[in-house]
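The structure appears below as structure tokens.
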């Protein structure tokens, strides 16, 4: 499995590079960045996707539910999507702001089922330029056959462990959300014991120094091999660790 980060995906979609992988994957974290889910600053989503059953996925593909959804204004779809989606709440005590992660499972399901109309219908609350970008990028994802792995409770726990150690070594970005996204991207790839292709030099250094991963490449693309028995990280969930209990770091499911 080869996981790609957001910037490399953007470059590939614009024809500036190629993915060169027969088993290309992205995490739902990358998918959300690529498809403009998060508003500027990352505190809120620009749109949400409801979780749908396999039966309803077929109805979306046949366009049977598209007209019905579009009979409601975009603001109503925004509220409905948020109410009916999945969510994970990452709490960091007093250290960092709490992060609520919406629609990771819903988006992975939709991308893997190639439910383009479904995603575009709920993205219509965004401006026209953003909708055009999303449509073009969805076409790219379908054309190259990229698959999506969702952020899960397990990989979110792992991200907290990684972030704890990352913050002890490096400066967190001014916008905490940017660092958190980088670490969650790494966590999903690590949880799958996969390769991560990224242009993030600091993430590559951290992976090599802390996880003892094999890192190849240069400034434009780092190949981080997480497939072996890498890492000195204590992979117990933070709830089992005294340090995390004391700092009140935890992951929990939010309301659907």
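Coordinate-derived values only; no laboratory data. It should be emphasised that the depicted structure is a prediction, and the values quoted were computed from it without experimental measurement. In this analysis, Cβ positions are derived from the backbone assuming ideal geometry, glycine residues included, and neighbour counts consider all displayed protein chains.
Points to keep in mind about this one:
- Relative contact order for the chain, counting Cα pairs under 8 Å that sit 6 or more residues apart, in percent: 25 percent
- Per-residue [θ]222 nm for the chain (sum of -39500 (n - 2.57) over DSSP H runs n ≥ 4, rounded to 500): -13500 deg cm²/dmol
- Modelled this way, with points 7 Å down the Cα-to-C-beta line, the labels at residue 79 and residue 55 are 2.7 nm from one another.
- Beta bridges per DSSP with both ends in the chain, % antiparallel, nearest 5: 70 percent
- Nearest-ten-degree value, helix 128-144 long axis tilted from longest Cα axis of the chain: 70 degrees
- Folded to 0 to 90 degrees: helix 74-83 orientation relative to the chain principal axis, Cα: 50 degrees
- Exposure proxy order (Cβ contacts within 10 Å, fewest to most) of 26, 183: 183, 26
- Spacing of the modelled spin labels on residue 225 and residue 94, each 7 Å from Cα toward Cβ, amounts to 4.5 nm.
- With all pairs of separate Cα atoms included, the chain yields a Kirkwood hydrodynamic radius of 18.8 Å.
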